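The values are calculated or read from the model by the stated rules, or taken from the named source; none is laboratory data. For clarity, every value in this text was computed on a predicted model and none was experimentally measured. Ideal geometry is used to build each Cβ from the backbone, glycine not excepted, and the neighbour counts take in all protein chains shown.
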Amino acid sequence: MHLRKITSFVKRSGRLTEGQRKGLTDLWPRYGLDIEENPINIDHIFKNNQPITIEIGFGNGDTLIEMAENYPELNFIGIEVYEAGIGRTINEANKKKLENLKIINGDAVEVFKNSIPNESFDRLQLFFPDPWHKKRHHKRRIVSEEFLDMIAKKLKIHGIIHMATDWENYAQHMMTTLEAHKNFKNLAGDHKYSLGKNFRPVTKFEKRGNRLGHGVWDLLFERNL
């Protein structure tokens, strides 16, 4: 399969705080995963058999940190390109002494293509990805048939995809694309959105949006083939 190159993010830069820099340097050997072209051995990363959740684009890490803290019986891998967010997340993980979290610095599509073994993890999280709301930019959205083809190979049978967005048009695109894919089944029922807050923490950004009357749409799909 040839997966087209998706520009699903904007690489941001800027000055790092002392804590962010510490996360990227001093603490990287403890929490960071250095990837190569060959698939990583996920079984050896955490030295246990706990289910693994991978989150794409975790931003400043608030949700990822809270979930790792609330669910110590699960392991988490976060993939992000934003170095300030990576540094902050690692620094916070160290403060909380989390043992079930690892971080990858890289483009998620390339990481999955080259470094994630087939049928190797239990849950994929994609929370509030860039909606590329202008119609001419829709082709840059990470959620596509090709992307789901790739995820279907990497996710375990009965594994879960959990997506969330605050853009209704993108939510509709996610729903249409997921329901059209042969490998995934909507856990909420046909054309229905899920109550994602039963598992996903509510972010500060989301709380502010709720006060302003903005909607949030969660989708939970299971790999059934």
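Here are a few things to note about the model shown:
- Only one entry of Leu124, Leu148 meets the criterion of being in contact (Cβ under 8 Å) with a residue 40 or more places away in the chain and crowded, with 17+ Cβ neighbours inside 10 Å, and that entry is Leu124.
- Selection status of Thr176, at pLDDT below 95 and out of contact with any Ser or Thr (no Cβ under 7 Å at 6 or more places or on another chain): no
- The range 75-85 - residue that is closer than 16 Å to Pro129 by Cα and of a type in the set (A, V, I, L, M, F, W, C) and, of those, surrounded by the most Cβ atoms within 10 Å (Cβ to Cβ): Ile79
- The conditions of being free of Cβ contacts under 8 Å to residues at least 12 places away in the same chain and on the phi < 0 side of the Ramachandran plot are not met by Lys102.
- Evaluated against (1) part of a helix (DSSP H, G or I); (2) buried (at least 17 other Cβ atoms within 10 Å of the Cβ), Asp130 falls short on exactly one condition, (1).
- Residue match in the range 68-76 (condition: aromatic (Phe, Trp, Tyr), within 20 Å of Gln125 (Cα to Cα), modelled with pLDDT of 95 or more and within 17 Å of the chain's Cα centre (by Cα)): yes
- Every pair of residues 6+ apart whose Cβ atoms lie under 9 Å, when the first sits in the range 25-43 and is under 13 Å from Ile77 (Cα atoms) while the second is loosely packed, with under 10 Cβ neighbours inside 10 Å: Asp43/Asn49
- Residue match in the range 91-100 (condition: closer than 23 Å to Met163 by Cα and either loosely packed, with under 14 Cβ neighbours inside 10 Å or in contact with a helix residue (DSSP H, G or I) (Cβ under 9 Å, 6 or more places away or on another chain) (or both)): yes
- Failed condition for Thr53, given (1) farther than 20 Å from Phe128 by Cβ; (2) touching a Phe, Trp or Tyr at 6+ places or on another chain (Cβ under 6 Å): (1)
- Taking the criterion of being touching a helix residue (DSSP H, G or I) at 6+ places or on another chain (Cβ under 8 Å), surrounded by fewer than 12 Cβ atoms within 10 Å (Cβ to Cβ) and closer than 16 Å to Thr63 by Cα, the only residue of the range 181-225 that qualifies is Lys204.
- In the condition set (1) out of contact with any strand residue (DSSP E or B) (no Cβ under 8 Å at 6 or more places or on another chain); (2) buried (at least 17 other Cβ atoms within 10 Å of the Cβ), Ser115 is compliant with all but (1).
- Filter result for Ala164 (hydrophobic (A, V, I, L, M, F, W, C), crowded, with 21+ Cβ neighbours inside 10 Å and over 30 Å from Asp26 (Cα atoms)): yes
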